[in-house]
1. Can you give me the number of residues within segment A:152-172 that are more than 27 Å from A:Trp306 (Cβ to Cβ) and away from the ligand (no atom under 13 Å from the Cβ)?
2. If A:Ile345 satisfies every condition in (1) surrounded by fewer than 24 Cβ atoms within 10 Å (Cβ to Cβ); (2) within 14 Å of the chain's Cα centre (by Cα) but one, which is the exception?
3. Give A:Glu559, A:Glu515, A:Glu595, A:Glu539 a once-over and let me know the one that is at pLDDT 95 or above and open to solvent by 50 Å² or more (accessible area, probe 1.4 Å).
4. Given the criteria under 19 Å from A:Gly161 (Cβ atoms) and more than 13 Å from the ligand (Cβ to nearest atom), does A:Ser222 qualify?
5. Identify the residue in segment A:252-274 that is within 16 Å of the ligand (Cβ to nearest atom) and in a loop (DSSP other than H, G, I, E, B) and, among all such residues, is farthest from A:Phe164 (Cα to Cα).
6. Among the residues of segment A:384-398, is there at least one that is outside any helix (DSSP H, G or I) and surrounded by fewer than 16 Cβ atoms within 10 Å (Cβ to Cβ)?
7. Among the helices (runs of 4 or more DSSP H) confined wholly to segment B:1-77, which include 1 or more residues that are more than 7 Å from chain A (Cβ to nearest Cβ) and acidic (Asp, Glu)?
8. For segment B:80-113, name all the residues that are modelled with pLDDT under 90 and either touching a strand residue (DSSP E or B) at 6+ places or on another chain (Cβ under 8 Å) or within 13 Å of another protein chain (Cβ to nearest Cβ) (or both).
Amino acid sequence: MLCTGTGCVAGGAFRIKETLENEIQKQGLEKEISVIITGCNGFCGQGPLLVVQPDEIFYGFLNPEDIPFLVQEHFLKGRPVKKLMFTPPEKKEPIPLLSEIPFFKKQMLVVLRNKGIIDPEKIDDYVARDGYTALEKVLISMTPDEVIDEITRSGLRGRGGAGFPTGTKWKICRTEQKTPKYIICNCDEGDPGAYMDRSVFESDPHTVIEGMILGAYAIGVSRGYIYARTEYPLAIKRMDLAISHARDYGLLGENILGTDFSFNLEIREGSGAFVCGEETSLIHSIEGKGPEPRQRPPFPAEFGIWDCPTVINNVETWANVPVIINRGADWFSKIGTETSKGTKIFSLVGKINNTGLIEVPMGITLREVVYDIGGGIPDDKKFKAVQTGGPSGGCIPYSMIDVPIDYESLTNAGSMMGSGGMIVMDEDTCMVDVAKFFIQFTNDESCGKCTTCRDGSDALLEVLTNITNGNGKEGDLEFLEEAGNAIKDASMCGLGTTLPNPVLSTLKYFRDEYEAHIKESMCPALVCKNLIKYYILPEKCTGCRLCLKNCPPGAIKGELKHIHIIDQSKCTKCGTCLDVCPTKVSAIIKVSGKETEKITGIEEPYPVKRREKEIKK
Amino acid sequence: MAQLTLDELRKKRKEAQKEIYLREGKYKSKIIVHMGTCGIAAGAREIVSAFLGEIEILPEKDVMLTTSGCAGLCSMEPMATVELLNLPSVKYGHLTPDKVRRVFKEHILGGNIVTEYAIGIGSEKGG
Ligand SMILES: Cc1cc2nc3c(=O)[nH]c(=O)nc-3n(C[C@H](O)[C@H](O)[C@H](O)COP(=O)(O)O)c2cc1C
C-alpha cells in the first residue's frame, strides 16, 4: 500500500513505486506481492511511506535506494527492516494521529458517523455523505417486509432503556389491522447527566429523520411525531430546520421522491418531566392529556396514540436504521456481542479526565471505557464505581470493572444499559449520598399514580436521609431492601420498578459504607456533612488568616501569626477553608466517625512562635 | 424549491459532494467549528467570530468556514477542525480568539500545524 497523497507524491512516491515494481520483478515475487497505490494515509510527516499488508508494517521516509534492500529482506526473506520503520521520536510525539489517541482509538462511529464533519443545518451536507441513499434503496428495491426483516436480522435492540428487539416491535405494529398507525421518536432524555440524544439531534438530525421515514415505509405509517423536551432549544431548532429542508426536497410529505409513499413528521415539545419519557406517559402527553403512565399490556405497538398501533423508539434506535439498510444486517450484526449488536453512545461524565460523548462497540469493557477512552480518574484518585442506566440503573464497583458492556451483563451486575448515561465516581464519593441523590430525583419525578412508587420513594428517601444525617438505626438496611423489592414488584411503570436500583445495588456492593454511617457515625468518603468535622492542625497552621477571611459564617478564630481554630458550633461544613488553605501548608483536614473524638483541639488561638519554641524543646 | 425525484436527488448528491470534500471548487481550506450545546457554552460563538474576522481581511476568500455538532471530547471545547486541501484534518481544542488568530496565520495561511494547540491529526475510525 503505497501512499500517493499530495505530500508523498511531492516526496517522490512514484519513483519509489517504479523501483519497487522493478525489484519485485527481479526477485520473481510479482505473483505474491502487488503494489497498490492509495490516497493519503494521513501520516504525511513520514512520507514517502508505505504499509505492508497483511503484516501492517509501516515504512516511512523512503528513498529509492532503500528499496532493493527492503524487497530482499522483507519480501524475500520475511525479515521486516527495522531501520526503515517508524520510530516514535522520544516520548513527546507532538501531534498524535487521531485514530491512535486512546480517546478516539477505541470508539467506533456508526450513529455519530457524521459528527463534527457535516453542518447539521445543511441538508446537502448530509446528502453528500450518502444521506438518504437508504431511502432510495428501499423505494427502488425493497418491500416493507424486507425492510423489517433486515432490521430483525441485524439484531438491533432499543437504545432507550429496555433493549426490546426493534424488528419485532415493528412487525407487531405492521401486522395490526387497525389504522391509522403512528411512529414516535422519543427524545425526552430525562436521565441526569445524559445528553446522547440531544447531541444526535444537534449534530446530525437528518439521520433520525431518514430512520423514521424508513420505519414509516416498513410499518405502513403516514404520520410521525418527534417528542423532545423544551429544555433542548438548539436540538429542537436544528431538527425543525432539518424537517423543513427534507420537506422542501420532497423527502417528507406527499408522494415522497415521486413515489406513492407519503409520510409527515412533526415535533411535539414536552416540558421535560422524567416520567414523560416512559412510552405510555409520552403518548398521553402527545394526546394532550396529563403524562401519567398506564398499565401495559397492551403495548403501544397495538394500542398507542388515540388507541391506534404506534411504534415508539429512541433517537439512537432510529439513527441506526439508515446505516443498517445501507450496509446490511450482516455487517451490523458482526459488531458487538452475541445478544447485543452494534454500537452504543454513552455520555461519560463525573470523575473522569476526558468527559465527553463516546460511541463504542457493544461488548467493550468498563475498564476500557474508563481508563483508555476516559483517560482515568483525575488527581490520581482511586476509581470507586460507575453508575450506568441513570436513576433506573445501579452502581458497578471496581471489582466488576471488566464486565463487558451489553444489555445482559449490565443487568446481571445489578444495573442496566439504560439510555447511556455513565457517571464515574472516585474515592471521594459517598455511595449512600449517591443513592439518596437518585431517590430524591425519582421521588420528585414520580407522577404519584401508584402508591408504591409515590409513598415508597418517600419512605426510602426518609431512611436514606436519616442515615446520611447520622440518625441511622439498626434495621434500616433491612427495611431499605424490603421496601425496595416491594416497590419493584408492585409499581406499574418502569419508573417505579427501577427506582430502587441505585439503593439496592449500592447496598449490595457497598454495604460496609452504609454500616459505617449507622454504627460508627462515620462517612468513609467524608461527604455527609453531619458526620464530618473540619479541623485545623495546630502543628501546621502558619496563621496566615486566609481561611479566617474566607469563612462564610465566620466560624474561624485567630489572628495573624496565631494558630487558628474552628468553632464547631458555627461551622457549616462548606469546605471553603480546605480549598483556600495553601497546598504547601495543608493545615486543614476533614475527619469523620471515631477520628472526630480523638481530636482535642486548643481552646484559644496562640502565637505560631510559641509552638515553634515548644517543638525545639 | 420543487420537490425532487430519485434522479434529481442523486444529482444533488454529486454536487453536494464537491462542496463538502474540498476536492473541487474554489476553496483550498475549510474550518469547522464544533457548535453543540457544549461548544456554545464554552464560547464557540466567539471562536466563529474570530475566524470570520480573519477571513474578512483576506484578499481572496478561499477559506470556507462552517459549523458542525459536538465532536465528542466536550472537556476540550471550544474546538475546531482545520482541513487543508489534500491533507488530513487537524483538531484544535481549548481555543480562544488569540489562539484562533495564530492558527489562522500559521496553519491556514502558512501551512504549519500549531502543535501546541492541536489535539490530533487525521480522522476517527468509522464503523
Ligand atoms: C421513567 C422512564 C423514563 C424513560 N425515559 C426515556 C427517555 O428519556 N428516552 C427514551 O428513549 N426512552 C425512555 N424510556 C423508555 C421508553 O418507555 C421506551 O421503552 C423507549 O422509548 C422505547 O424505545 P426503544 O425500543 O428504541 O428503546 C423511559 C422509561 C421509563 C420507565
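The values are calculated or read from the model by the stated rules, or taken from the named source; none is laboratory data. If you're wondering where the values come from, they're calculated on a predicted model, not measured in any experiment. Here Cβ is always computed from backbone atoms with ideal geometry, including for glycine, and neighbour counts include all displayed protein chains. Quick note on the areas: whole protein, heavy atoms, side chains included, nothing else; ligands and nucleic acids left out. Shrake-Rupley method; radii C 1.70, N 1.55, O 1.52, S 1.80 Å.
1. To start, the set of residues in segment A:152-172 that are more than 27 Å from A:Trp306 (Cβ to Cβ) comprises A:152-157, A:163.
Filter once more, so that each one left must be away from the ligand (no atom under 13 Å from the Cβ): A:152-155.
Looking only at that region, the number is 4.
2. Result: A:Ile345 fails condition (1) only.
3. Numbers: A:Glu559 fails: at pLDDT 95 or above; A:Glu595 fails: at pLDDT 95 or above; A:Glu539 fails: at pLDDT 95 or above.
Testing whether each residue is at pLDDT 95 or above and open to solvent by 50 Å² or more (accessible area, probe 1.4 Å) leaves just A:Glu515.
4. no
5. Within segment A:252-274, the first condition is being within 16 Å of the ligand (Cβ to nearest atom), and the residues that meet it are A:267-274.
Then drop every residue that is not in a loop (DSSP other than H, G, I, E, B), which leaves A:271-273.
Working: A:Ser271: 26, A:Gly272: 24, A:Ala273: 23 Å.
Selected residue: A:Ser271.
6. The answer is no, given that none of the residues of segment A:384-398 is outside any helix (DSSP H, G or I) and surrounded by fewer than 16 Cβ atoms within 10 Å (Cβ to Cβ).
7. The qualifying helices (runs of 4 or more DSSP H) are B:6-20, B:44-56.
8. B:Glu83, B:Leu84, B:Leu85, B:Asn86, B:Leu87, B:Pro88, B:Ser89, B:Gly111, B:Asn112, B:Ile113 - these are the residues of segment B:80-113 that are modelled with pLDDT under 90 and either touching a strand residue (DSSP E or B) at 6+ places or on another chain (Cβ under 8 Å) or within 13 Å of another protein chain (Cβ to nearest Cβ) (or both).
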